[in-house]
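In what follows, a single structure is set out as structure tokens and then discussed.
Any read-out appearing in this document is the output of simple, stated calculations on the displayed coordinates, not a laboratory observation. Since this is a predicted model, take the numbers as computed values, not measurements. Note that we place each Cβ from the backbone using ideal geometry, even for glycine, and neighbour counts take in every protein chain shown.
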Amino acid sequence: MAETGFIQKEKLNDFIKELSKDAVVYAPCLEGDTVLFKAFDADKTVCLDRPANNPPKLAIFPQSETLFNFTYIKDTEDPKKMSVEIKANTEFPKAVIFGSRPCDANGFLIYDRVYIDTNTPDPYYMGRREKTTIVTLCCNAPSPGCFCVAVGGGPANNEGSDVLITELEKGYFVEAVTEKGKAVLNAPQVESGASYADEAHKKQLESEKLVKNPFGKDCQPEISMSLFDSDEFWEKYLSKCLSCGACTYLCPTCYCFNITDEQMLNNGERIRSWDGCMFPHFTLEGSGHNPRPTKFKRFRNRVGHKFVYYPEKYNGVIACCGCGRCIRYCPVSVDISEVVSYLRGSQPDVSSGTKENAVTDTVKQEQK
């Protein structure tokens, strides 16, 4: 049986402060009406009432980071020669992600296969990942657009987490999932949780029943390639897309980046920054040619990566955690779960909040 504990609600803030004594704590903090993952300090208000607008991936994969600094040094004996001195930034602080949701924690597993489980591990991602403890909060109720159960997750799924917390009436039931998680239970605010285990597990089961599955009972969003290759389908459905890229920046599983060198006279730095396939310049070649010049081709690549290409490479694992952020915060209401429902050759489940739209006739024609 997993090691467990219990934190009374009035002691939660003290618990977070305890964690921050020897680590940088990233928590969902209230900023006006918005909840954002930020580095915690005493002036911030932690909000666990709803999932944060942004995922906590920035704690391990920063939006922008300096990979190394470089300096050009002239040879004093031969001014025509120059050497380059490089200093890599590989010192990472101990960190805790507190209040992530199960879908967020699952997103790091998508990253791990790309940046760690490879012949050329990424030292920056791997270094932060090893020093980060992920404390996840079970979802007691789904948020608009959530479909985690349809992609193999769930509101109480503990995969990718070091600790799973379940909110109860009087406090928070704490379960250690990994060895790193067990260390969290040593905080003085954590008391024995054995008497709360049954109540917590009942709560977890109830929460899972509330999440809708837009893909139907089979729970396998297998894509019809004939529909996937239909330009007409994508052109009609994506006519409203703005190519703003919000869906990629708010996605816990999008990991594309760009590299730039910022240089002065004799020194500079190499910077890695988030990038996204929804931006027109993402595939722009030096010749001026762009193999994905239209937004429908870019969105098709986005869906294809998550539901076709990544599963093909990683034994059927879907590169989507079903958090619903790209649905909730899309300014024109593009719904990826609805798109995948159509690409499966089936009509979307209306009970899950999807709706009929202009692509219905296209899909029906493809099915004939």
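Of note:
- Order of Tyr26, Tyr115 - criterion: other Cβ atoms within 10 Å of each residue's Cβ, fewest first: Tyr115, Tyr26
- Karplus-based coupling profile of the range 179-185, in residue order and whole Hz: 4, 4, x, 4, 5, 5, 5, with θ = phi - 60° in 6.51 cos²θ - 1.76 cosθ + 1.60 and x standing for Gly or Pro.
- When both the range 288-325 and the range 136-167 are represented by their alpha-carbon centers, they are found 23 Å apart.
- Ordering Arg113, Arg300, Arg50, Arg344 from the fewest to the most neighbouring beta carbons within 10 Å gives Arg50, Arg113, Arg344, Arg300.
- Computed over the range 63-107, Cα set: Rg, Dmax in Å: 19.9, 60
- Derived scalar couplings ³J(HN,Hα) [the range 154-161; Karplus, 6.51 cos²θ - 1.76 cosθ + 1.60; whole Hz; x for Gly, Pro]: x, x, 10, 5, 9, 5, x, 9
- Net length gained if the chain between Asn89 and His281 were fully extended (0.36 nm per residue, minus Cα distance): 66.3 nm
- Leu242-Ser273 pseudo-label distance in nm [points 7 Å out on the Cα-to-Cβ vector]: 2.0 nm
- 9 Å beta-carbon shell around Pro291, net charge (K/R +1, D/E -1): +1
- Residues whose amide H falls under 5 Å from that of Leu137, counting only those 5 or more places apart or on a different chain, are Gly99, Ser100, Arg101, Ile165, with hydrogens built in the peptide plane.
- Length released on extending from Lys209 to Thr294, taking residue separation times 0.36 nm less the Cα-Cα span: 26.7 nm
- When both bridge partners sit in the chain, DSSP labels roughly 80% of those beta bridges antiparallel.
- Built amide H within the under 5 Å cut-off of Tyr26, gap 5+: Phe40, Val96, Ile97, Phe98
- Kirkwood Rh in Å, taken over the range 1-116 so that all alpha-carbon pairs contribute: 17.4 Å
- Label sites at Ala194 and Thr66, each approximated as a point 7 angstrom past Cα along Cα to Cβ, lie 5.2 nm apart.
- Here the Karplus relation 6.51 cos²θ - 1.76 cosθ + 1.60, evaluated at θ = phi - 60°, turns the backbone of the range 29-41 into coupling constants of 10, 7, 10, x, 9, 10, 10, 10, 6, 9, 5, 6, 8 Hz, with x for every Gly and Pro.
- Among beta bridges that DSSP assigns inside the range 110-241, antiparallel share in %, nearest 5: 60 percent
- Gain upon complete extension [Phe257, Ala23; 0.36 nm per residue less C-alpha separation]: 81.6 nm
- Taking one quarter of the surface of the C-alpha convex hull of the range 91-183 gives a mean projected area of 7.1 nm².
- The value of relative contact order for the chain, using C-alpha pairs under 8 Å at least six residues apart, is 20 percent.
- Euclidean distance of C-alpha centroids, the range 200-249 and the range 50-128, integer Å: 30 Å
- Taking the helices alone, the chain has a mean residue ellipticity at 222 nm of -7000 deg cm²/dmol, built from -39,500 (n - 2.57) per DSSP H run of at least 4 residues and averaged over all its residues.
- Among (1) 22.8; (2) 20.3; (3) 18.1, the entry that matches mean projected area of the Cα convex hull in nm² as calculated here: (1)
- Anchor Lys131: lysines whose Cα lies under 19 Å away (excluding residues fewer than 8 positions away in-chain): Lys17, Lys21, Lys38, Lys57, Lys94, Lys180, Lys182
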